[in-house]
Structure formats: structure tokens, C-alpha cells
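K.L.:
Starting off with a structure, shown below.
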Amino acid sequence: MASSSDLENPISSASLPYSYAPLPDGEQQATNEPAVRHPKKAAFFLVSALLAVAFLVALIAGNGLKLPNDSNTNDVLSAMSTPQKVTPLSRGVDKGVSDKTFHPMLGADNSYPWSPNMLDWQRTGFHFQPQKNWMNDPNAPVFYKGWYHLFYQYHPDAPVWGKIVWGHAVSKDLINWRHLPIAMETDQWYDEQGVWTGSATILPDGQLVVLYTGSTNESVQVQNLAYPADPSDPLLINWVKYPGNPVLVPPPGIDIKDFRDPTTAWKTPEGKWRITIGSKLNKTGISLVYDTEDFKTFELLDGLLHAVPGTGMWECVDFYPISKQGENGLDTSVDGPGVKHVVKASMDDDRNDYYAIGTYDAFKGKWTPDNPTLDVGYGLRYDYGIYYASKTFYDQNKQRRILWSWIKETDAETADINKGWASLMGVPRTIVLDKKTQSNIIQWPVVEINELRTNVTAFKNVLLEAGSIVPLNIPAASQLDIVAEFELDEETVLRLNGGDVAYECAKSGGAAQQGALGPFGFSVLAHEGLIEHTPVYFYVAKGVDGNLKTFFCADQSRSSTAGDVDKSIYGNIVPVLKGEKLSMRILVDHSIVESFAQEGRTCITSRVYPTKAIYNNAQLFLFNNATAAKVTASVNVWQMKSADI
């Protein structure tokens, strides 16, 4: 979590101009090659009075310039020519998994002429991804004999979803990774159509077993057992599939394409092992429960771990304990009076990961949410942006629970083909119960990510007048770790009358929608003229009862001049307790932006694809687009080194 030392003990500091920087009229001619910016201080101060107006115009201007279509494009895909408009295929649905293709909004121009230089910039510096081709769900993350292992859904032949195998990489620190040979291929009848998502379980004697979903030669979803060929090998290079596979087939009443993604196993009071598998009955999302003694023979329990009507198919179900008092993570088998349990499911219907906190009855094999109005599929989400098919594991090395997630592409498939890769993993996060609210979890990047920090620049007590924007003078803006605290002018807050609080990030109009107490925050990956920028911000609303509600949002609507990328506005309310300052942390890594509010109570992951705000043309701004309140900000910005991936 952010500490006070992050803001109070900077390595270096930078002074701000005494007036706000100007934004030039119209579009700046920007090359996409790396270049060195030379500040023009005379112009910088002369037109400072135009700042607020220019910023508001840029916010309202929408998606910037509309590029002309080229009706004479060549049929052959080329990054150097304008591709034809195409309707993206839906990949995966006919095989029985969620759609793996991004579909631009109806009527969107999906023929942007991406150059190789633009596409090269999109590859990240410190997020895990294969060297090439397609990746999706994280599988069986585990710490084994001194190494962190990450298996993942991988298509080795193309940067689009297809016949999936298990990719494999190892790390000593969760940040720097060594790619290993494919762990499991589609070489048996029971996984001929795909080696799909699965989980690892470490047995008391140190043995490791994996259960995974296979799609058979007839596209039936079955569960299979695998284990290391050489348990003494810390790299787990070779794997053996149990000769008696499949160990589970869809039970009566369950469709052959609605039975997938077994969890890590945990111990029952009787000493057996227990797993849960996602499915659905009509439109009710369910999690089936099985007990086993040897991972070869299973018993289906009567009833369900949990079910929620109207939520549809549950994919990638996760189930794990969290401590009510301690800060450490817990092994999946831990239970007792000081423990709550989390159920999480990835919703096939809307492609989001929902979780709820509740109570587990180990004897009945049933879980009940603490707050039924925040049940799985209706309430809390891990992340309010692009975040799906997540998976946790218990890291016995450092006594913590770690969360991995697939971050999909939200650009045109043709662009992915041209750049040769698709998808990322989010930065691994730790998970603990929020001890202050007792009603949500806290997610925070693993502490190891801090080792990539370098060259911090600090900005102390920056006063942001209503309707203002401040450029932050930093060396580069494509790989950053930003930690900030904000304070609203208390006098203004007290003076304002309250009103109905009917704000939603997604329907708000983004950072251009002004209120008395917001929005305010950062514009990341911003072009000098704000033709492209991605605001990440707070919006505070005062209710008729005088209480404040705080929303945390990320606005992608102006992130790119291209028309074939996602331009959604994401976010949700974030609890802010009495006496807390508003705080956020933002990890910027080229085409991914991960944002955390109030030390991880609310999180948003964005995929952005600027055409101009890249390389040395990317900048960082503070802004306050409120109509009434002043805001004071204290900020630390670290440049981030690239990891070895």
C-alpha cells in the first residue's frame, strides 16, 4: 500500500510554474518517432490564461480528428497501408467459451492505418506477456521449490484465439520472467480441442497436482488430472496426463459446453479434498461441488456451493479464505472463526469478474454472502475496467494471496495480427480483507514492482484552481508509477448545498462533465494539445443529507484518434472513511493503465491505444475540472524500468 514516505520523502523534487501551462490552439503536428521535447518558457507563460478554456474544449471535443477512410485498400493486411473495414469474428463461442474477440461499437470506423511505430509502442515494459501470439486466462499459478510458476492459455500459431495449449513461465520475483517450453499440448482425445483453464493444488507431502478442463474431440468439456513428470524439477518442464482421464464429465442436467474451470482444492472436515466448478442452469449461475480422496475419483455433493439467478454461466470460479484480523494471506484450506470466504466468478454474459464476501459451511459445502444485495454477479467487482478470468493462489513463500488476471486487447483484430501479439496479464496483486470497512477486499500491486521504480519526481501541495490543468514536468510518460493524495477545499465543501447523487462514471460524459466538486485527477498518456488523453479521476458529490459520495473513474473516450478501439468510461463508487485523504495510484505501461483508489478499494484497468501521445510525445497532466472547489495535490511520479520478460 502507499505509505506516507512515498509522498513525504522524495528522492528529488521539481518546481511548478507559478501559472498554468498553455495549450496551443488546434492540433500539433507530432511525429511518432522518439524525440526530445524542448520547453519554450516564453510561450509557456504568455498564454497561460487560455489554459482552462483550452482544456475544456479538448475534453468536449470528443475523439479528436476523424480520419478519412481509404476505399481503395489492399486486401492484404499491412501495417503500412490502411486496412479495409472488417467485421471481427466471434472466436470461442462455438467451442463453448466466452467470446475472445473485441467488437467495436456499432458504426465505429475500424480501418485505422496503424503504423509499425505505433504498434511497437503498445508493447509493455513490465506486464507479463508471451513473446508473440495469443494469450488469455492465467492457469495454475503456484510457488514451487523456489520458483513462481505461471501457466496460461496460449495459442502458439497466431495472435488470435484458437486451439489452446498451456504456455509456461517462471520467476523468482513475480516481475522478471523466464519463458519455458509449452507445458501441455492438445495431444489426447479428451483435450483435442483445447487444454483449457485449470488450477494447481499442493498436497501435504509437497506433491503437486493439476486439474484442468479439456475440450474433447467432440467439444465436450471434461476435467482432467495432470502432474509433474519429475517432481524434483523446480522448473516443472515436463508433465504427465493421468491415463484414466477424464476424471469428471458433465453431470446430468448440465450442458456439455457449460462445465469448466476447476478450482484449487481445499481440505474438508472429513479430510477429503474439495473443488468447485462453474456452470449454469438456464440463466442461473452455479458452482458445483465435488469431493475426492485421490483426485481420480470424485463424488458430486447434493446442492451447490452457491447459485445466483439471472447471472448466466459462471467461468473461472475462485474460492478462498481471508483473515478477519491478520494482514497475511491464508492457505485455501484454512477455516475457522477468524476467517471469511470469498466467492468470485467470471461472468460469461458481461465479461466481468464479480466477488462477494461471506460465510462458508464446511459440513454442508455451502457458502452464504454476508450481504445478499452484493451477491456474486450483482455487487462488487475486482476491477471496473478490462479485467477477466482472474485466478488467485496462496504464496506460501511470503504468506500472501496473489491475484492474476487476463487483460484482453480492445483494439481491432487486424492490428493484433500486424503487431504479432495479443493480451497481457495485469500486474499481480495482493488481496486482503479491508479491515476498516469489513465489506470489501483491498487489492494492491505486489511489493516487488517497486524494484522497478527509478528517478522519482515530487510535486508538493500543488493548488489546482477550479477549471485548471497543470503539466507535470517529467522525463518521460509511457512507463510510470504515480502515487498521489488530494484534498478538497473544506470551506467550499461545507458551503455547498447538497443534491441528489445520481452520478455514474460510465454514463457521466467523462472528465468533461463538470460538477461543483469534480472531476479532478490526472490525464495520462496525454498529447500536448490534449487531442489524445486518458483522464483518471475522482468525482465527489454531496447528497441532500450533507454526506459525500466519491466516485473513481477512468475516461477512455478521448484516449485515441483511432476509431477501432474501446473508448468506454469505467469506474464505480469508492468508500472514503472519515479522516481519510483521497488517494490514488496509477501504473502506466504503454497500452495498459492500472489505477487504484483508496489503497485498492476500487480498481480500474484500461487498455488505451493512442496514435499521437506515444514515445516522447506522451505527457502527464494534473487537472481540476470542478466548477467550485479548489483541490490541493501532492504527487510522486517514478519512472519505471522495464522488467526482463
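K.L.:
For q = 0.24, 0.32 Å⁻¹, what log10 I(q)/I(0) does segment 576-628 give under the Debye formula with an equal point scatterer on each alpha carbon and no solvent?
P.N.:
Here the Debye-derived log intensity ratios amount to -1.05, -1.20.
K.L.:
Give Lys340/Lys391; Lys366/Lys435; Lys435/Lys581; Lys272/Lys340; Lys366/Lys391; Lys549/Lys581 a once-over and call out the pairs whose C-alpha atoms are over 23 Å from each other.
P.N.:
Values: Lys340/Lys391 18 Å; Lys366/Lys435 25 Å; Lys435/Lys581 17 Å; Lys272/Lys340 21 Å; Lys366/Lys391 21 Å; Lys549/Lys581 13 Å.
From Lys340/Lys391; Lys366/Lys435; Lys435/Lys581; Lys272/Lys340; Lys366/Lys391; Lys549/Lys581, over 23 Å: Lys366/Lys435.
K.L.:
Still on this structure: For segment 133-445, report the accessible area per residue in Å² (1.4 Å probe, heavy atoms, rounded to an integer).
P.N.:
Working: 10370 Å² over 313 residues.
That works out to 33 Å² per residue.
K.L.:
Also, quick follow-up: Using θ = phi - 60° and the Karplus curve 6.51 cos²θ - 1.76 cosθ + 1.60, what whole-Hz ³J(HN,Hα) does each residue of segment 165-173 get, with Gly and Pro shown as x?
P.N.:
10, 9, x, 8, 8, 10, 8, 8, 9
K.L.:
Taking the Cα centre as origin and putting +1 on Lys and Arg beta-carbons and -1 on Asp and Glu beta-carbons, what dipole magnitude results for segment 133-445, to the nearest 20 debye? Don't skip to the answer; put the middle values down first.
P.N.:
On the way: 29 positive and 39 negative charges, 181 e Å.
About 860 debye.
K.L.:
Another question, then. Among Pro138, Pro243, Gly312, whose Cα projects farthest towards the positive end of the dipole of segment 133-445, with charges put on the beta-carbon of Lys, Arg (+1) and Asp, Glu (-1)?
P.N.:
With unit charges placed on the Cβ atoms, the residue in question is Pro138.
K.L.:
Using modelled backbone amide H atoms (1.01 Å from N, in-plane), which distant-in-sequence or interchain residues come within less than 5 Å of Leu530's amide H?
P.N.:
Those lying under 5 Å, H to H, from Leu530: there are none.
K.L.:
Another question, then. Under 5 Å between amide H atoms, partner at least 5 residues away or on a different chain: which partners does Trp239 have, H built in plane at 1.01 Å?
P.N.:
Close amide H contacts, sequence-distant or interchain: Ala229.
K.L.:
Carbon-plus-sulfur fraction of the accessible area of segment 224-333, 1.4 Å probe, in percent?
P.N.:
Details: 2180 of 4310 Å².
Reported share for carbon and sulfur atoms: 51 percent.
K.L.:
Using a Förster distance of 56 angstrom, determine the FRET efficiency expected from the C-beta separation of Gln207 and Ala476, and round it to 0.05. Can you show the working numbers first?
P.N.:
Details: r = 47 Å, r/R0 = 0.84.
So, using R0 = 56 Å, E works out to roughly 0.75.
K.L.:
Taking θ as phi - 60°, what are the ³J(HN,Hα) couplings along segment 112-124 by the Karplus curve (6.51, -1.76, 1.60), each to the nearest whole Hz, with x for Gly and Pro?
P.N.:
3J(HN,Hα) across segment 112-124, in whole Hz: 5, x, 5, 8, x, 5, 5, 5, 4, 5, 5, 5, 7.
K.L.:
Taking 0.36 nm per residue of separation and subtracting the Cα-Cα distance, what length does fully extending Lys132 through Val240 add? Before the final figure, lay out the partial values.
P.N.:
Numbers: separation 108, 0.36 × 108 = 38.88 nm, distance 2.60 nm.
Going from the current span to full extension adds 36.3 nm.
K.L.:
What number comes out for accessible area per residue over segment 451-640 if the probe is 1.4 Å? Units Å², please.
P.N.:
Details: 5630 Å² over 190 residues.
On a per-residue basis, segment 451-640 sits at 30 Å².
K.L.:
For Asp350 paired with Asp233, estimate the spin-label separation in nm (one decimal), with each label point 7 Å from Cα along the Cα-to-Cβ line.
P.N.:
About 4.4 nm separates the two model spin labels.
K.L.:
Collect residues whose amide H, placed 1.01 Å from N in the peptide plane, falls under 5 Å from the amide H of Asp383; neighbours closer than 5 in sequence don't count.
P.N.:
Asp353
K.L.:
Could you tell me which of Tyr394, Gly521, Trp421 has its Cα farthest along the dipole of segment 382-537 towards the positive end, charges placed at Cβ (Lys, Arg +1; Asp, Glu -1), taken about the Cα centre?
P.N.:
Looking along the dipole axis, the top candidate is Tyr394.
K.L.:
Please list, in order along segment 246-258, the HN-Hα scalar couplings obtained from phi with the Karplus expression 6.51 cos²θ - 1.76 cosθ + 1.60 (θ = phi - 60°), rounded to whole Hz, x for Gly and Pro.
P.N.:
Karplus-based 3J(HN,Hα) across segment 246-258 equals x, 8, 9, 10, x, x, x, x, 9, 5, 5, 10, 10 Hz.
K.L.:
Expressed in nm to one decimal, what extension gain is obtained for the pair Glu218 and Lys641 from 0.36 nm per residue of sequence separation less their Cα-Cα distance? List each step's numbers first, then the result.
P.N.:
On the way: separation 423, 0.36 × 423 = 152.28 nm, distance 4.69 nm.
Roughly 147.6 nm would be gained on extension.
K.L.:
Along the Cα-to-C-beta direction of Asn371, a point sits 7 Å from the Cα; which residues of segment 587-623 have their amide N less than 13 Å from that point?
P.N.:
602
K.L.:
Check each of the trypsin sites (Lys or Arg not before Pro) in segment 349-381 and keep only those in coil by DSSP with at most 14 other C-beta atoms within 10 angstrom; list them in order. The partial results should precede the final answer.
P.N.:
Values: sites: Arg351, Lys364, Lys366, Arg381; in loops: Arg351, Lys364.
Passing sites in segment 349-381 are Lys364.
K.L.:
What's the long-distance tail for segment 439-597, i.e. % of Cα pairs beyond 25 Å? Could the numbers behind the result be given before it?
P.N.:
Values: 4123 of 12561 pairs.
Counting every Cα pair in segment 439-597, those more than 25 Å apart make up 33 percent.
K.L.:
I would also like to ask the following. Could you check the simple spin-label distance between Lys436 and Asp94, using points 7 Å along Cα→Cβ, in nm with one decimal?
P.N.:
Distance between label points: 5.2 nm.
K.L.:
Then there's this: Kindly provide the trypsin sites (Lys or Arg not before Pro) of segment 113-163 that DSSP labels as loop, not H, G, I, E or B, and whose Cβ sees at most 11 other Cβ atoms within 10 Å. The partial results should precede the final answer.
P.N.:
Details: sites: Arg123, Lys132, Lys145, Lys163; in loops: Arg123, Lys132, Lys145, Lys163.
For trypsin sites (Lys or Arg not before Pro) across segment 113-163 that sit outside H, G, I, E and B with at most 11 neighbouring Cβ atoms in 10 Å, the list is empty.
K.L.:
Provide the FRET efficiency to the nearest 0.05 for the Phe363-Lys324 pair, computing r from the beta carbons and using R0 = 22 Å.
P.N.:
Values: r = 20 Å, r/R0 = 0.92.
Step by step, r from the Cβ atoms, then E = 0.60.
The values are calculated or read from the model by the stated rules, or taken from the named source; none is laboratory data. Worth saying up front: this structure is predicted, and the values here are computed from it rather than measured. Ideal geometry is used to build each Cβ from the backbone, glycine not excepted, and the neighbour counts take in all protein chains shown. These area figures cover heavy atoms from the full protein model, side chains too; ligands, DNA and RNA do not enter into them. Shrake-Rupley method; radii C 1.70, N 1.55, O 1.52, S 1.80 Å.
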